Amino acid sequence: MTRKLLCLTVSCLAALLFAPIATAAPPPPPKVVPEPSSIVTLPGQTFTLKPTAKIVAPAGAAATGEYLATLLRKSTGFRLPVTTTGLPGDIRLTLGGPQSLGTEGYRLTVTAVNVDISAKAEAGLFYGVQTLRQLLPAKIEAKTVQSGPWTVKAVTVQDTPRYAWRGAMLDVARHFFPVPQVEQYIDLMSMYKMNTLHLHLSDNDGWRIDIKSWPRLARYGGSTDASRGPGGFYTQDDYTAIVRYAASRHVTIVPEIDTPGHVTAALASYAPLNCDGVAPPLLNPGWSSLCVPLDITYKWLDDVIGELAAITPGDYIDIGGDEAVNTSAADYKYFVNRVQAIVTAHGKKLMGWHQVEAADLAGSAVADYWGTAGSKDDEALAKVAQNRGNKLVLSPADKVYLDMKYDASTPIGQDWAGYNSVRDSYDWDPATFVPGVADDVAGVEAPLWTDVFPNWDDVQFMAFPRLPGIAEIGWSAQRTHSWDDYRVRLAAQGPRWDVLGVKYFRSPEVPW
Ligand code: TNX
């Protein structure tokens, strides 16, 4: 009775009338990986890319404009000229926006009329383009002309990364993968807003970068691989091509020459590098070490690092430093200190696996942490890094090692760090993984060791679908973290990979 009476008032009747509209759930947000900081859908509006559309980009963003146009031209068949003035119906890139966007953040606004991406810097525009790509139908990824319509639901995205270092590592030493495959990896990682590719260029099984002053390293040391196959190496021009291609996708290359262990290919190539002056055979089984007391060791390293630094625009040279099983603790420390001086003399900063913290590192060094959860020795070295001001890149083996099997039924891969399911690789927080060092974490890295993967299909199968989860850990705010939500967004990537020809694992954890 009271209710009825109350509802005789105007406001109550109005409320009853409009209640269904006011409480209607907004359409679900589009499925983007990594999850943006904020994504709001504008109900009822859709943008359609027409054959007459242009890409509007100021001079400072012409490269991103061309990148986007190249991507869209293949599948739409549209001309999509890149110009500096636009009309309704165009995709417009603008350099500007609030300082809070930083160098990698962007704003993306899609209305029925235009698509607008703005950012403070070109990297931000590039990431806005990656988000737009995922808002378009999956067939936008096709290399041949497909039929539209090319629609995008209206949306406003504002997005900045959690961490500055979002990396992948590819081991091209155990098995060699030529330039086009590395470029494909760069394309796929940058699609998920990763910005650093660490290349493991040398190991026991092979030396993969030509060093002109020591030509046998690549020609002999690179002449086989962990499967006793033919191996291979990058010429310096090849490497430069990779560096340039990476830069065009806002990816920095960090080259690694693993020392003082993991060096059989080098020791086999040059007898004088051995303490006894005798070169071991290629693929000699067991642990190896450079000869720490010999002067030639440092002359050689100065040449190698000097040539590599000269063709590496990034700040870091990675000197490895892991598993120096055949080197005494005293020798190890002396060695890393000397190599650090060489790296510095060539204008670079040192990066290494976290064991390098046993030496006297400068504050600018970065440690790649590959310890597993709760490993006290490793955590102690992370503390050393923290006290020195060294930043940590987290690559925990029991979370993100992409050479670990997904589960017991995975036909290829390793399991010494356990199985890394799709969920495992996503469901962790870099701020708490190593206790007490949250502020010293620069970001994450997903290593793909190729000891047991001779084929590129194997690499793709191990990386996908785990790599995008690690990209999301690096990019997205912790408050957005949700496995239940993520697995649905991840599933939406499958059709894109199908079109791109990526050989991914159709994990039963993901609702494909
Ligand atoms: C450990 S992780 C290694 C690599 C192997 C990998 C295999 C690290 C720094 N060293 O040499 O390829 O395990 O999972």
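Numbers for the structure displayed
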{"item": "Qualifying residue in region 390-406 (condition: open to solvent by less than 50 Å² (accessible area, probe 1.4 Å), in a loop (DSSP other than H, G, I, E, B) and free of Cβ contacts under 8 Å to residues at least 24 places away in the same chain)", "result": "yes"}
{"item": "Number of positions in region 457-481 that are open to solvent by 20 Å² or more (accessible area, probe 1.4 Å), under 14 Å from TYR401 (Cα atoms) and of a type in the set (Lys, Arg)", "result": "0"}
{"item": "Restricting region 343-360 to residues that are farther than 20 Å from GLY474 by Cβ and among the aliphatic types (A, V, I, L, M), the residue that is most open to solvent (accessible area, probe 1.4 Å)", "result": "ALA345"}
{"item": "Scan of region 379-388 for residues that are in contact (Cβ under 8 Å) with a residue 40 or more places away in the chain and touching a Gly at 6+ places or on another chain (Cβ under 9 Å), ordered by number", "result": "GLU379, ALA382, LYS383, GLN386"}
{"item": "Residue check, PRO137 open to solvent by 30 Å² or more (accessible area, probe 1.4 Å), without any contact (Cβ under 8 Å) to a residue 40 or more places away in the chain, within 25 Å of ARG489 (Cα to Cα) and not assigned by TED's automatic domain parsing to the domain that holds THR151", "result": "no"}
{"item": "Among the residues listed as GLY374, GLY363, the single one being surrounded by fewer than 23 Cβ atoms within 10 Å (Cβ to Cβ) and either within 16 Å of the ligand (Cβ to nearest atom) or without any contact (Cβ under 8 Å) to a residue 24 or more places away in the chain (or both)", "result": "GLY374"}
{"item": "Boolean, ALA271 is of a type in the set (A, V, I, L, M) and open to solvent by 10 Å² or more (accessible area, probe 1.4 Å)", "result": "yes"}
{"item": "Region 444-456, subset surrounded by 24 or more Cβ atoms within 10 Å (Cβ to Cβ) and more than 10 Å from the ligand (Cβ to nearest atom), residue nearest to VAL400 (Cα to Cα)", "result": "ALA446"}
{"item": "Pick from region 183-205, criterion touching a Pro at 6+ places or on another chain (Cβ under 7 Å) and within 16 Å of the ligand (Cβ to nearest atom), ranking: nearest to ALA123 (Cα to Cα)", "result": "LEU199"}
{"item": "Output for region 490-512, where each listed residue is open to solvent by 10 Å² or more (accessible area, probe 1.4 Å) and either under 16 Å from ILE412 (Cβ atoms) or among the basic types (Lys, Arg) (or both)", "result": "ARG496, LYS503, TYR504, PHE505, ARG506"}
{"item": "Positions within region 400-416 being more than 13 Å from the ligand (Cβ to nearest atom) and under 19 Å from TRP428 (Cα atoms), in sequence order", "result": "TYR406, ASP407"}
{"item": "Members of region 167-187 found to be part of a helix (DSSP H, G or I) and either among the basic types (Lys, Arg) or open to solvent by 10 Å² or more (accessible area, probe 1.4 Å) (or both), listed by number", "result": "VAL179, PRO180, GLN181, GLU183, GLN184, ASP187"}
{"item": "Number of the exception - PRO411 against (1) without any contact (Cβ under 8 Å) to a residue 24 or more places away in the chain; (2) not in a loop (DSSP other than H, G, I, E, B)", "result": "(2)"}
{"item": "Helices (runs of 4 or more DSSP H) (entirely within region 203-322) containing at least 2 residues that are among the β-branched types (Val, Ile, Thr) and out of contact with any His (no Cβ under 8 Å at 6 or more places or on another chain)", "result": "236-248, 295-310"}
{"item": "Residue pairs meeting the criteria (Cβ under 6 Å; at least 6 apart or on separate chains; first not assigned by TED's automatic domain parsing to the domain that holds VAL82 and among the aromatic types (Phe, Trp, Tyr), in region 51-68; second surrounded by 15 or more Cβ atoms within 10 Å (Cβ to Cβ) and assigned to a loop (DSSP other than H, G, I, E, B))", "result": "none"}
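The values are calculated or read from the model by the stated rules, or taken from the named source; none is laboratory data. Remember, it's a predicted structure, so these values are computed and weren't measured experimentally. A quick note on method: Cβ atoms are made from the backbone with ideal geometry, for glycine too, and the neighbour counts reach across all protein chains shown. In case anyone asks, the SASA skips ligands and DNA or RNA and just uses the protein heavy atoms, side chains included. Shrake-Rupley method; radii C 1.70, N 1.55, O 1.52, S 1.80 Å.
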